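So the structure is just underneath, and the comments pick up after that.
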Amino acid sequence: MRSLHSQVSLYIMTVMLVIVLLFSFITNIAINKQFEGYIINQDQVRREKIIDDLQESYNGMTRSLDLDYLHTLGMYSMRDGYFLSVYDSTGKMIWDAETHDMPMCRQIMKDITKRMNRRKHRGGFKTYSYDLMQGSQKIGFVSIKSYGPYFLKENEFQFIDSLNIIFIAIGLISFVASIVTGGILAKKIARPITKTAEITKQISSGDYSIRFEGETKTKELSTLISSINNMAVALDRQEQYRKQLTADIAHELRTPLTAIRSHLEAMAEGLWDATPERLNSCVEEVKRLSSLVVDLDRLAKLEQENVKLNIAAVDLLEITQTVCNNFEKEAHDKDIEISIEGIACNALADKDRITQVITNLLYNAIKYTPKNGHIKIQVKDDGGNGIIVIEDNGIGIHQKDMPYIFERFYRTDQSRNRKTGGAGIGLTIAKSIVEAHKGRITVESTEGKGSCFTVVLPKI
Ligand code: ADP
């Protein structure tokens, strides 16, 4: 498998090379075509010039062409590849290149043919006749024989050659430039991806502490990098959490199990009598263990993906009232006054699960509110959401604990809570249920003054 860097540089190099070659090829063809047009035009100009010069050399007095001039013009033209045959008005030949110097004519024709064939411009010598006029009077005619459709002189071929050399040089320079730029660009593109790949590899091998340092200006790469960093943070947290969870469960089980074991051993060895009080104490510990297991089981079910909710229209005020009635005894025992305000608020929700949320919140409110306290419950409807607010004037929560209280097994004061019997799962369960309903749960609290939990549930 090839590396991303080499692949990207190969792509960039190929693309640039194709562009350069295509550009050179098209430019070369276009310039050659233009040059060919220019040469054909020059050929035409040259013929017209010969005709003009011949016409100008006509002497009106002697009614004849200037033979000396004709000779000079004929020789010059012959050297340039134009073989003239000039005739007077009666059709009598006055001057003819081939008659004048046959060997030279043959040599020049041979040279031109050889030159043109060598460059693959195949053609042949053709003769065209033109009338020589003096006003409207015909004074003779000239046959011009030359290589057609066009021919190039040696210096013109040299010009084309140097153009081609320039194109090849440009091509070579562009090729080298495309390798260098391709390499640099590929490095720039591939580096963050390669680094990201290395980081994900390390993450997959269990090193969650690693982070992608440095920046990239590419939007997608920046999103990828921050997603990977966030994933590493989440996995790290998850890993810590997992370790913590095992330790917490072991811790939670150890205390009641040790108590039960020591009690039962003492009774079994006959050191203690199996009195109803002692047996009851064991039963209490077993009950605590059972409720912990029930809570954990409930949480595990909630945390499974696609929690199945039995959605139906429920009245949040009605549920709240029912839960309050269930806590009447506990509230009475602590002389806590519970008030409910609000209007009937229908929402689509799982009745049992929402009952669980309110139960957990109210249970905590009673638990963490001293005697003669007050708990105020409000049920509101903001149009799109049903809102339940449970406010107590109990012990409150310290600011440092606020971010963690919804986490599993988190208790603000371990010893205090163990006495009250909480395992730190109630709020985690409440949060999972609310989030499964696409709602949110928040808390505001001042230590020593009380706490206020707000549950917002979308009505549909
Ligand atoms: P627990 O079973 O310990 O009550 P929870 O998950 O229900 O567990 O609550 C987590 C922690 O949040 C509790 O240990 C307690 O310290 C704090 N807490 C919850 N509700 C209240 C409240 N109404 N007043 C004060 N502290 C609270």
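The values are calculated or read from the model by the stated rules, or taken from the named source; none is laboratory data. Given the structure is predicted, the values throughout are model-derived calculations rather than measurements. When we count neighbours, we look across all protein chains shown, and the Cβ atoms used for this are built from the backbone with ideal geometry, even at glycine. Just so you know, the surface numbers come from the protein's heavy atoms only, side chains and all, with ligands and any DNA or RNA stripped out. Shrake-Rupley method; radii C 1.70, N 1.55, O 1.52, S 1.80 Å.
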Residue 351 fails exactly one of (1) under 21 Å from residue 427 (Cα atoms); (2) within 16 Å of the ligand (Cβ to nearest atom); (3) of a type in the set (Lys, Arg), namely (2)
Taking the stated definitions as given, is residue 162 out of contact with any Cys (no Cβ under 7 Å at 6 or more places or on another chain), closer than 30 Å to residue 80 by Cβ and either assigned to a helix (DSSP H, G or I) or not basic (Lys, Arg) (or both)?
yes
Can you tell me which of 33, 49 is at pLDDT 90 or above and either open to solvent by 40 Å² or more (accessible area, probe 1.4 Å) or farther than 30 Å from residue 174 by Cα (or both)?
49
Quickly run through the range 82-100 and pick out the residues that are exposed (fewer than 15 other Cβ atoms within 10 Å of the Cβ) and either farther than 21 Å from residue 48 by Cα or in contact with a Cys (Cβ under 9 Å, 6 or more places away or on another chain) (or both).
90, 92, 99
What's the number of the only condition in (1) of a type outside the set (Gly, Ala, Ser); (2) part of a helix (DSSP H, G or I); (3) open to solvent by 40 Å² or more (accessible area, probe 1.4 Å) that residue 308 fails to meet?
(2)
Quick one: how many residues across the range 422-460 are out of contact with any Cys (no Cβ under 8 Å at 6 or more places or on another chain), open to solvent by less than 20 Å² (accessible area, probe 1.4 Å), farther than 28 Å from residue 290 by Cα and not aliphatic (A, V, I, L, M)?
3
Can you tell me which residue is surrounded by the fewest Cβ atoms within 10 Å (Cβ to Cβ) among those in the range 101-124 that are at pLDDT below 90 and in contact with a Lys or Arg (Cβ under 9 Å, 6 or more places away or on another chain)?
121
May I ask you to verify whether residue 292 is open to solvent by 90 Å² or more (accessible area, probe 1.4 Å) and either of a type in the set (A, V, I, L, M, F, W, C) or more than 43 Å from the chain's Cα centre (by Cα) (or both)?
no
Residues in the range 206-246 that are touching a Phe, Trp or Tyr at 6+ places or on another chain (Cβ under 6 Å) and closer than 21 Å to residue 425 by Cβ: how many?
1
Filter the range 355-371 for residues that are of a type in the set (A, V, I, L, M, F, W, C) and farther than 17 Å from residue 412 by Cα; the one that is nearest to the ligand (Cβ to nearest atom) is 362
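Residue-by-condition table, conditions (1) exposed (fewer than 14 other Cβ atoms within 10 Å of the Cβ); (2) within 52 Å of the chain's Cα centre (by Cα):
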{"position": "126", "(1), (2)": "yes, no"}
{"position": "144", "(1), (2)": "no, no"}
{"position": "150", "(1), (2)": "no, no"}
{"position": "159", "(1), (2)": "yes, yes"}
{"position": "170", "(1), (2)": "no, yes"}
{"position": "173", "(1), (2)": "yes, yes"}
{"position": "196", "(1), (2)": "no, yes"}
{"position": "207", "(1), (2)": "yes, yes"}
{"position": "214", "(1), (2)": "yes, yes"}
Identify the residue in the range 407-426 that is near the ligand (Cβ under 7 Å from one of its atoms) and farther than 23 Å from residue 371 by Cβ and, among all such residues, is modelled with the highest pLDDT.
425
Among the residues of the range 428-460, the number that are part of a strand (DSSP E or B) and within 15 Å of the ligand (Cβ to nearest atom) is 12
